[in-house]
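What follows is a short report on a single structure.
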Number of protein chains: 2
Amino acid sequence: MASKDRILRLKEETRCNILDASLKIVKEGGWDALSMRKIADEIEYTAPIIYEYFSNKGAILLELTRKGFLLLAKDLEAAKSRHRLPAKQLEAMWLAYWNFAFAEKELYQVMYGVETSCCEMAKKMPESELPMDLIWDVIVELMTPIMAPHVPTEDEICIKYYTFWSVIHGLISINMVNRGTSDETNHEVLKTAISGIIRSITG
Amino acid sequence: MASKDRILRLKEETRCNILDASLKIVKEGGWDALSMRKIADEIEYTAPIIYEYFSNKGAILLELTRKGFLLLAKDLEAAKSRHRLPAKQLEAMWLAYWNFAFAEKELYQVMYGVETSCCEMAKKMPESELPMDLIWDVIVELMTPIMAPHVPTEDEICIKYYTFWSVIHGLISINMVNRGTSDETNHEVLKTAISGIIRSITG
DNA sequence: TAATTTATTTAACACTGTTAAACGGTACAA
DNA sequence: TTGTACCGTTTAACAGTGTTAAATAAATTA
């Protein structure tokens, strides 16, 4: 009877090994590098054995995604527990969110659909800077008369531009990946965010 | 000699056809559905001739990406030209950016690395709502004492949450696809954005 | 020890991107 | 006209992918 337990324990262990091996491969070579045969190699089995533990490759990704959400939630709770004031708690939690994204980059990618393999492309393409240049100019125009005769520095413009871009691109990707909220909420977020940043420039 | 021109014109046309066929396939079945053989089917050729026009599949994606940036730039310029005041121009341009993302969803995805195939996963996973719930609670706590005895509505909380989330997730994904800036700028954007939204709550 | 169940692998299928070789036809020189 | 060089195109193949069914090895049970 005890042998049954031992076997079950072993099965649970190799299941865990599969997940660990997967994450290891992804961390070494990105999500494109993850294949069933490579996982099998890593755990010193052949590929079909994996299907005894996961119905398909997607089930592995799903399990890693779940682990990611649990880990993130743990970090958020820890951050919250370090403060008493809600304002301080919020600040700490979003900072923890930020840190998690880069500490567990691969998990964050699969959790929220951030594709990095396409980044090589736009890097060597001058056209990719066109949108930024166009908006950059208008931000400069908006800042200059206010601060006259002080000319805004690169950094000052940069911060404003990335604040704009982040909130809008963020809302877009959230909606594309997860179907965020209602259209009304989206436009409310958009409008108040944009006018808020503009106000922060014009005083 | 004119036949040379005709041939060159035909070559340019099939090159264009390849790009059109690719975009058509992607719009019908997503980026995963795009394969060299399907493109060949669409233009009524066999796969290897595509390599006469593009060195590899990546070159096709790159060309579509370039088209996307040009199209977006055109939209931004058009939006700008419709206003005179820089503040109004900025507002219109970011709205145009937003509209472009959904009008040319597939192009936006490849331009900025937005992965949608993973969205099926997190949908049926209760853990994916854990982070939101944790932060949601703190936002409620932050809003309640201010508006007392008025209890904040679902919508009011939602707007604040998504504003937070958008700017932070946006900044994260922008940095992951390697279009980000310096660490100092990042943290400046983060800190000012977070404290700005908190101030917009606490008055 | 023999039979049966379980664990694991081998082989295969249908895909993928990509390349080399073969084929068909056209253009041009002898 | 014939031969040859070229060009466009296809066929065949390779290595890789996820996945499944069948064959085999190992362990357990009778």
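A short reminder: the numbers here are calculations on the coordinates, not readings from a lab. Remember, predicted model here, so these are calculated numbers, not experimental data. Cβ sites come from the backbone with ideal geometry, for glycine too, and all protein chains shown count toward neighbours.
What is the extension gain from A:HIS83 to A:ILE49, computed as 0.36 nm multiplied by their sequence separation minus the C-alpha to C-alpha distance, in nm to one decimal?
My answer for the length gained is 7.5 nm.
What separates the Cα centres of the stretch A:87-107 and the stretch A:58-73 is a distance of 17 Å.
Per-residue ellipticity at 222 nm from helix content only, as computed over chain B with -39500 (n - 2.57) for each DSSP H run of at least four residues, stands at -25000 deg cm²/dmol.
Spin-label pair A:ASN56-A:THR144: with each label point 7 Å from Cα along the Cα-Cβ axis, the two points sit 5.7 nm from one another.
Rounded, prolate or oblate for the stretch B:123-202? Axes are the square roots of the Cα gyration tensor eigenvalues, ordered a ≥ b ≥ c, and the cut-off for rounded is a/c under 1.5.
On the way: a/c = 3.18, a/b = 1.45, b/c = 2.20.
Verdict is oblate for the stretch B:123-202.
Across the stretch B:52-68, no residue has a backbone nitrogen under 19 Å from the label position 7 Å along the beta-carbon direction of B:ARG9. Between B:VAL114 and A:GLU115, the built amide H atoms are under 5 Å apart, and every one of these is 5 or more places off in sequence or on another chain.
How charged is the neighbourhood of A:ASP155? Take every other residue with its Cβ under 15 Å from the Cβ of A:ASP155, and add Lys/Arg as +1 and Asp/Glu as -1. In short, -3. Evaluated with a Cβ-only charge set (Lys, Arg +1; Asp, Glu -1), chain A carries a dipole of roughly 980 debye about its Cα centre, given to the nearest 20.
May I ask you to derive the relative contact order of the stretch A:9-112, considering only C-alpha pairs under 8 Å and at least 6 residues apart, and to give it as an integer percent?
Working: 74 pairs, mean separation 23.1, N = 104.
Averaging sequence separation for qualifying contacts and normalising by length gives 22 percent for the stretch A:9-112.
Each residue, A:THR202 and B:GLU129, gets one label point 7 Å from its Cα in the Cβ direction; the gap between the two is 4.0 nm.
In a simple Cβ point-charge model (Lys, Arg +1; Asp, Glu -1; nothing else charged), the stretch A:9-112 has a dipole of about 440 debye relative to its Cα centre. Only Cα sites of chain B enter the Debye sum here, all with the same form factor; the resulting log10 I(q)/I(0) across q = 0.08 1/Å is -0.45, listed in q order. Ranking A:THR202, B:CYS16, A:ALA103 by Cα position along the charge dipole of the protein assembly as shown, where only Lys, Arg, Asp and Glu carry charges on their C-beta atoms, puts B:CYS16 farthest toward the positive end.
Counting only whole DSSP H helices of chain A, the ones at least 18 Å long by C-alpha along their axis and with mean Kyte-Doolittle hydropathy no lower than 0.5 are A:130-147. Averaging the sequence gap over all C-alpha pairs within less than 8 Å and six or more residues apart, then dividing by the number of residues, gives chain B a relative contact order of 12 percent. Each of the peptides A:122-134, B:155-167, B:101-113, B:188-200 was scored by the mean count of other Cβ atoms within 10 Å over its residues; in descending order, highest first, they stand as B:155-167, B:101-113, B:188-200, A:122-134.
In the structure displayed, which of A:LYS160/B:LYS191; A:LYS123/A:LYS160; A:LYS27/A:LYS74; A:LYS67/B:LYS105 lie more than 18 Å apart, Cα to Cα? The partial results should precede the final answer.
Values: A:LYS160/B:LYS191 12 Å; A:LYS123/A:LYS160 22 Å; A:LYS27/A:LYS74 21 Å; A:LYS67/B:LYS105 29 Å.
As for pairs spanning more than 18 Å Cα to Cα, those are A:LYS123/A:LYS160; A:LYS27/A:LYS74; A:LYS67/B:LYS105.
Quick check: from the Cα gyration tensor, does the protein assembly as shown come out rounded (a/c under 1.5), prolate or oblate? Don't skip to the answer; put the middle values down first.
Numbers: a/c = 2.22, a/b = 1.03, b/c = 2.15.
Taking the square roots of the gyration eigenvalues as a ≥ b ≥ c, the protein assembly as shown is oblate.
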